[in-house]
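Engineer: Next up is a structure, given as structure tokens.
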Amino acid sequence: MNGDFTSATDPIALFSEWLADAEASEPNDPNAMALASVDGSGQPDVRMVLLKQFDANGLVFFTNFESAKGRQLLGQPRAAALFHWKSRRRQVRVRGPVTPATDAEADTYFATRSRGSQLGAWASRQSRPIGSRAELEAAAAEAAARYPDAVPRPPYWRGFRIAVGDIEFWQDGAYRLHDRIVFRREGDSWVKTRLNP
């Protein structure tokens, strides 16, 4: 979008543009997002994950459903995500309900991963205690021996989609006079509000 981003009317198109800008300027992982979830007691938890696809239906990332985040999102299916692109002096915040991605989506993405990453999905009992690095390496070697050719997707390795309920765009400005807009979904439409920084 040329000119003032606050005049945008389509937040998905604006996010796509900002992500493309970040891909051209960020030195590492422009698709990295801080993902916040809560456990059964309401205790918040946050970690970095990688956005792997997005469209009007939401943001998709992949993980072990038996991990802490997997269990949290299955139990409390709402999440927030934050993208911070320091080189662009921008951030985007997203909140919304979470649903599992389809098996077909998980299969398609898993097939693009390196063999080592595929085997790692079998080797790691993510978020659970482990005695040593040697145990993890032994589990990876066992997975490699079990799957000498194609590596199937583990049944617990799947994706989540965050439907965009609201999405906020923030651009750094001089003297803390930042520009900030939020889009909130109302039915099939978006309502845009400009916010104080």
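The values are calculated or read from the model by the stated rules, or taken from the named source; none is laboratory data. Bear in mind that the values here come from a model prediction, so they are computed numbers and not experimental data. Please note: Cβ atoms are built from the backbone with ideal geometry, for glycine as well, and neighbour counts cover all protein chains shown.
For (1) of a type in the set (D, E, K, R); (2) under 17 Å from residue 165 (Cα atoms); (3) modelled with pLDDT of 95 or more; (4) touching a helix residue (DSSP H, G or I) at 6+ places or on another chain (Cβ under 6 Å), each residue gets a yes or a no:
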{"position": "5", "(1), (2), (3), (4)": "no, no, yes, no"}
{"position": "11", "(1), (2), (3), (4)": "no, yes, yes, no"}
{"position": "14", "(1), (2), (3), (4)": "no, yes, yes, no"}
{"position": "17", "(1), (2), (3), (4)": "yes, no, yes, no"}
{"position": "21", "(1), (2), (3), (4)": "yes, no, yes, no"}
{"position": "31", "(1), (2), (3), (4)": "no, no, yes, no"}
{"position": "36", "(1), (2), (3), (4)": "no, yes, yes, no"}
{"position": "40", "(1), (2), (3), (4)": "no, no, no, yes"}
{"position": "47", "(1), (2), (3), (4)": "yes, no, yes, no"}
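Engineer: How do the pairs read when you match residues in segment 71-83 that are touching a residue at least 12 places away in the same chain (Cβ under 8 Å) with residues anywhere that are assigned to a helix (DSSP H, G or I), using Cβ under 7 Å and keeping only pairs 6 or more apart or on different chains?
Structural biologist: 79/73
Engineer: Something else: May I ask you to list the residues in segment 116-143 that are part of a helix (DSSP H, G or I) and closer than 23 Å to residue 36 by Cα?
Structural biologist: 121
Condition check ((1) within 16 Å of the chain's Cα centre (by Cα); (2) surrounded by fewer than 15 Cβ atoms within 10 Å (Cβ to Cβ)) across all residues:
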| residue | (1), (2) |
| --- | --- |
| 154 | no, no |
| 158 | yes, no |
| 170 | no, no |
| 178 | no, no |
| 188 | no, yes |
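Engineer: Mind checking which residues of segment 85-115 are in a strand (DSSP E or B) and in contact with a Phe, Trp or Tyr (Cβ under 9 Å, 6 or more places away or on another chain)?
Structural biologist: 85, 90, 91, 92, 93, 94, 98, 99, 100
Engineer: Listed residues 158, 153, 176, 125; which is at pLDDT below 95, within 17 Å of residue 66 (Cα to Cα) and not β-branched (Val, Ile, Thr)?
Structural biologist: Exactly one residue qualifies, and that residue is 125.
Engineer: If you take the residues of segment 26-82 that are assigned to a strand (DSSP E or B) and of a type in the set (Phe, Trp, Tyr), which of them is surrounded by the fewest Cβ atoms within 10 Å (Cβ to Cβ)?
Structural biologist: 54
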